[in-house]
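The values are calculated or read from the model by the stated rules, or taken from the named source; none is laboratory data. Just so it is clear, the model here is predicted, and its values are computed rather than measured. Here Cβ is always computed from backbone atoms with ideal geometry, including for glycine, and neighbour counts include all displayed protein chains. All accessible areas refer to the heavy atoms of the entire protein, side chains included, with ligands and DNA or RNA removed. Shrake-Rupley method; radii C 1.70, N 1.55, O 1.52, S 1.80 Å.
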Amino acid sequence: MADPLLEVRGLRKRFGGLVATDDVDLDAGEGETLAVIGPNGAGKTTLIAQLSGDLRPDAGVIRFAGEDVTRLDAPARSARGLARSFQITSVFRDFPALDNVALAVQAHAGHSFRFWRPAGADRALREPARLVLEQVGLGMRADVVAGVLAHGEQRQLEIAMALATRPRLLLLDEPMAGMGAEESQQMIRLLGTLKRAHTIVLVEHDMDAVFALADRIAVMVYGRVIAVGSPETIRASAEVRRAYLGEAS
Amino acid sequence: MASRVRAVTAVAGAAALAAVPVVAAALQEPFYLDLVRRVMIFAIAAVSLDLILGYGGMVSFGHAAYLGIGAYAVAVPALHGVHSGWLQWPLAMGVSALAALVIGAISLRTSGVYFIMITLAFAQMLYYLGISIEAWGGDDGMRLARRSRFGGPVDLADPYVFYYVVLALLLAVLALGHRVIHARFGMVVRAARSNEARARAIGFSPFRYRLAAFVMAGAVCGLAGALLANQTEYVTPGFMHWTRSGDIMVMVILGGMGTFVGPVAGAVAFLLLENVLSAWTVHWQIILGPLLILVVLYARRGLWGAVSGGSLGRG
Ligand SMILES: Nc1ncnc2c1ncn2[C@@H]1O[C@H](COP(=O)(O)OP(=O)(O)OP(=O)(O)O)[C@@H](O)[C@H]1O
Ligand SMILES: [Mg+2]
């Protein structure tokens with residue numbers, strides 16, 4: 001078997017006395033969708049932040065496409081094809097939706113020491129951005145300032161910004177957080193199409209989404225990965241039921 | 001439409017500035033020429049600060065440092081008999097840019113209150129340096145024997161010529177600034193102000209873009225300093241005092257951060273108020289203070305924002 005696209009070994013992060021990720025080992029193969037589930041405070045967001053470069057791990061190694069990226073910062077990892085979305089919506093609120101995505105395109109179109117041509121009329125940025133907006137279903141909302149978009153639309157915009165960087169790996173932190181039932185269904189459909197062309201690490205509480213999308217599932221509890229396996233094995237695992245799915249049985 | 005209102009007001013403002021010398025001559029009040037020229041020089045300084053403060057979110061509390069460096073870059077060569085503006089003015093911009101490069105490279109590693117304090121500390125260091133150099137007049141500064149020389153019809157000794165030179169430079173700074181802020185470069189600087197974590201996540205390293213903006217702002221403020229030396233015909237370390245940095249910042253906030261016309265309007269309002277009120281009482285800032293509080297409370301986008309409405313070209 002070829003090396004996995006993402007390889008995590010012994011990843012540890014402490015906040016004072018609290019071990020938020022505790023010796024985490026994880027692999028994600030090319031084209032795979034790996035869901036990470038676990039109760040509140042399990043360390044899922046902390047894991048994503050270390051994978052994206054927003055947090056420095058205290059110990060452990062992160063390999064991406066065969067390269068050790070543990071010491072690289074977030075922009076450098078973005079350049080290598082890692083893209084993240086945030087659990088708490090994080091967009092450029094005072095820019096129109098299209099500008100948000102065009103900025104993500106721009107970040108991957110060479111340096112930005114360009115002082116003269118208006119970026120707002122730069123077709124090399126605007127056209128790819130418009131395509132991505134259409135892909136996530138925001139085509140009609142391109143000119144709306146991001147801060148006044150509906151919550152669900154801002155979540156779609158998050159995905160669009162990640163996609164516009166042409167990533168090799170998408171790190172999605174609860175893309176359905178705070179969404180209504182209908183919006184969630186729409187997001188599941190969107191992720192279902194993205195899944196065909198992308199490797200995804202998906203943190204999600206919505207079990208319908210997880211079982212609809214995941215090829216494999218990792219379960220985190222108190223910073224540790226207690227089980228990894230196919231959706232069927234995870235659903236059947238007594239340990240997982242006790243630790244996490246327990247409330248459903 | 002808001003953008004239309006802004007465009008019309010901006011053009012009307014430029015026309016009014018162009019008409020000032022004519023009106024001043026007709027009324028035989030050369031004082032107005034002098035006052036408005038001073039206003040425009042400070043407007044250039046305020047616009048340069050707004051580039052980093054309003055658009056970049058970098059609250060530099062030491063911007064007067066470059067005003068002082070620019071002024072000394074005129075007066076020191078003049079002291080040694082070099083009066084050519086072709087040398088003095090590029091020197092003012094170059095040395096200011098260099099100082100901004102050093103100050104920015106260190107300060108921009110911090111943020112928030114630390115950034116404010118470090119930029120303030122650097123400016124005060126330069127202020128005390130100015131005081132300590134006896135050869136340059138120390139505390140008293142020095143007189144400028146003659147204004148910068150350019151040759152041909154550009155004779156700054158002629159108050160009208162000097163006025164139009166300043167006006168042309170102000171308009172050029174506004175036009176160039178507008179280009180830069182809407183180009184890819186400006187987009188990165190504004191995006192990093194809007195949401196730094198997001199900017200980094202999509203792949204930008206904001207530091208070098210901020211530093212470049214910081215250097216550009218320093219260079220433009222250095223030019224304002226060169227103009228100010230010619231305006232007052234003397235230079236003192238007082239040009240760099242932290243209260244002067246505060247004045248420039250007040251102009252930006254009063255007029256409206258993150259706009260180009262705002263700082264110009266702020267400089268007009270600030271210096272006119274100073275002029276009118278200080279004739280009344282030396283404690284004129286007692287009146288300015290509450291006024292500023294009112295603006296901050298009720299017109300968050302400053303005077304210009306209150307007049308023009310709209311999104312102030314931020315988006
Ligand atoms: N910056 C921080 N400083 C201190 N403690 C933190 C920090 N970030 C997270 N924690 C703590 O680390 C633990 C893991 O947090 P994390 O946000 O990774 O959990 P999570 O699995 O994403 O939870 P949720 O499902 O609620 O999003 C929690 O106890 C949290 O309080
Ligand atoms: Mg979380």
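Which of the following residues is within 9 Å of chain A (Cβ to nearest Cβ) and either within 23 Å of the chain's Cα centre (by Cα) or part of a helix (DSSP H, G or I) (or both): B:R210, B:R147, B:R190?
Matching residue, one of B:R210, B:R147, B:R190: B:R190.
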Are any residues in the stretch B:147-186 open to solvent by less than 20 Å² (accessible area, probe 1.4 Å), aliphatic (A, V, I, L, M) and more than 30 Å from A:A121 (Cβ to Cβ), and if so, which ones? B:L156, B:V166
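Scan the stretch A:100-121 for residues that are at the interface with chain B (Cβ under 7 Å from one of its Cβ atoms) and either outside any helix (DSSP H, G or I) or under 21 Å from B:A175 (Cβ atoms) (or both) and jot them down.
A:A107, A:H108, A:S112, A:F113, A:R114, A:F115, A:W116, A:R117, A:P118, A:A119, A:G120
Can you tell which of A:R155, A:R224 is crowded, with 21+ Cβ neighbours inside 10 Å, within 16 Å of ligand 1 (Cβ to nearest atom) and among the basic types (K, R)?
Working: A:R224 fails: crowded, with 21+ Cβ neighbours inside 10 Å.
That would be A:R155, the only listed residue that is crowded, with 21+ Cβ neighbours inside 10 Å, within 16 Å of ligand 1 (Cβ to nearest atom) and among the basic types (K, R).
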Specify which of the listed residues (A:R114, A:R84) is crowded, with 20+ Cβ neighbours inside 10 Å and among the charged types (D, E, K, R). A:R84
Name every residue in the stretch A:162-190 that is assigned to a helix (DSSP H, G or I), free of Cβ contacts under 8 Å to residues at least 40 places away in the same chain and either open to solvent by less than 30 Å² (accessible area, probe 1.4 Å) or within 16 Å of ligand 1 (Cβ to nearest atom) (or both), in order of residue number. A:S184, A:M187, A:I188
Answer yes or no as to whether B:S3 is under 17 Å from the mean Cα position of the chain (by Cα) and either under 30 Å from B:F185 (Cα atoms) or aromatic (F, W, Y) (or both). no
Looking only at the stretch B:257-273, decide whether some residue is open to solvent by 40 Å² or more (accessible area, probe 1.4 Å), in a helix (DSSP H, G or I) and free of Cβ contacts under 8 Å to residues at least 24 places away in the same chain. yes
Determine, yes or no, whether A:D206 is of a type in the set (D, E, K, R), open to solvent by 10 Å² or more (accessible area, probe 1.4 Å) and within 16 Å of ligand 1 (Cβ to nearest atom). yes
Has the stretch A:162-169 got at least one residue that is more than 16 Å from ligand 2 (Cβ to nearest atom) and within 30 Å of B:L176 (Cβ to Cβ)? yes
Go through (1) at pLDDT 95 or above; (2) touching an Asp or Glu at 6+ places or on another chain (Cβ under 8 Å) and name the single condition B:M257 misses. (1)
Which pairs have Cβ atoms under 8 Å, sit 6 or more apart or on different chains, and link a residue in the stretch A:50-79 that is within 12 Å of chain B (Cβ to nearest Cβ) to one that is aromatic (F, W, Y)? A:P75/B:F204; A:R77/A:F64
Residue ID - nearest to B:L211 (Cα to Cα), chosen from residues in the stretch B:73-84 that are buried (at least 20 other Cβ atoms within 10 Å of the Cβ) and out of contact with any strand residue (DSSP E or B) (no Cβ under 6 Å at 6 or more places or on another chain): B:A73
Could you check the stretch A:147-161 and list, in sequence order, the residues that are among the small types (G, A, S) and assigned to a helix (DSSP H, G or I)? A:G147, A:G152, A:A160
Whether any residue in the stretch B:232-243 is small (G, A, S) and surrounded by 24 or more Cβ atoms within 10 Å (Cβ to Cβ) is what I want to check. no
Is it true that some residue in the stretch A:35-46 is away from ligand 1 (no atom under 13 Å from the Cβ) and either open to solvent by 10 Å² or more (accessible area, probe 1.4 Å) or acidic (D, E) (or both)? no
In the stretch A:44-93, what count of residues is obtained for those that are touching an Asp or Glu at 6+ places or on another chain (Cβ under 9 Å), hydrophobic (A, V, I, L, M, F, W, C) and away from ligand 2 (no atom under 16 Å from the Cβ)? 8
